[in-house]
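The values are calculated or read from the model by the stated rules, or taken from the named source; none is laboratory data. Remember, it's a predicted structure, so these values are computed and weren't measured experimentally. What goes into the accessible areas is simple: the full protein's heavy atoms, side chains included, and nothing from ligands, DNA or RNA. Shrake-Rupley method; radii C 1.70, N 1.55, O 1.52, S 1.80 Å.
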Amino acid sequence: MPNFLLSEISKVVSQTFPSNIVFEKKIDEGLHNLLGNSTEIYQILLNLCVNAKESIDGKGKITLSASNLLVDESNIIKYPLLDRGKYVKFSVNDTGSGIEEENLSKIFDPYFSTKQKDTGSGLG
């Protein structure tokens with residue numbers, strides 16, 4: 001399932017983002033199966049890609065990554081909110097301007113934005 005989601009996101013990004021934005025995938029082989037709503041996971045990853053595109057401001061690179069993560073006795077201290085088990089770690093990185101340190105604590109506030117009014121896609 002994760003490979004299909006990542007393939008679909010890659011198609012959308014490749015077909016709709018400007019050609020001056022390089023899109024790269026770094027996806028490990030044999031990703032674990034996911035337990036969860038695949039539509040919501042797809043939407044989250046696509047929203048992160050759109051936000052990355054908007055932060056690039058013209059030309060840059062977006063990297064979508066996925067890798068397996070095993071949480072066990074050797075590393076559980078790094079993941080205090082997770083139970084032991086198999087996970088898939090997703091990440092979206094870009095070469096955009098980033099976010100100011102004083103705004104980092106607000107990034108999960110539902111109505112917080114650093115965008116000017118009437119700019120961006122409104123995806124949050």
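Descriptive notes on the structure:
- The Rg/Rh ratio of the chain, with both radii computed over alpha carbons and Rh defined as the Kirkwood radius, is 0.99.
- Surface exposure of the stretch 73-119, expressed per residue as accessible area with a 1.4 Å probe, stands at 94 Å².
- Share of carbon and sulfur in the accessible heavy-atom surface of the chain [1.4 Å probe, %]: 51 percent
- Candidate cross-link partners of Lys86 among the aspartates and glutamates, defined by an alpha-carbon separation under 13 Å and a same-chain spacing of 8 or more, comprise Asp72, Glu73.
- Pairs over the 22 Å Cα-Cα cut-off, from the set Lys61/Lys89; Lys26/Lys59; Lys11/Lys61; Lys11/Lys106: Lys11/Lys106.
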